[in-house]
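To start, the structure under review is shown below, and the notes come after it.
Coordinate-derived values only; no laboratory data. Quantities reported herein were computed from a predicted structural model and do not represent experimental measurements.
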Amino acid sequence: MYKNDWFENRWATQSPPQEAVIDCSRPGQPADEAVASWVKKLNFDGPSCFIREYLSGFGAWDAYQLCNHQDNLERLFWVWCCNLKEDPDYILYLSY
């Protein structure tokens, strides 16, 4: 079982702060720098195998790209922030 401040198994145990959601989900603007900054600032981490499975479901990244855990954390954080912008009650579950 994976446990840290952000996940217990596949369930998120908290959400990014609203300021991060706003910074990382601005339409029409690159969010890479904001996402990387927030991931570092919040010490965002999670279970690598579940994150890879979850992200693979989008079909946007190949198996080689999904081998980089740090990149996956940033991808996941970005997707999560975008989902929270659309639905503030969104709860992240790393299903595949």
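Descriptive notes on the structure:
- Distances between placed amide hydrogens fall under 5 Å for F7 paired with T13, all partners being 5 or more residues away or on another chain.
- Applying the Kirkwood pairwise sum to the alpha-carbon positions of segment 7-86 produces a hydrodynamic radius of 12.9 angstrom.
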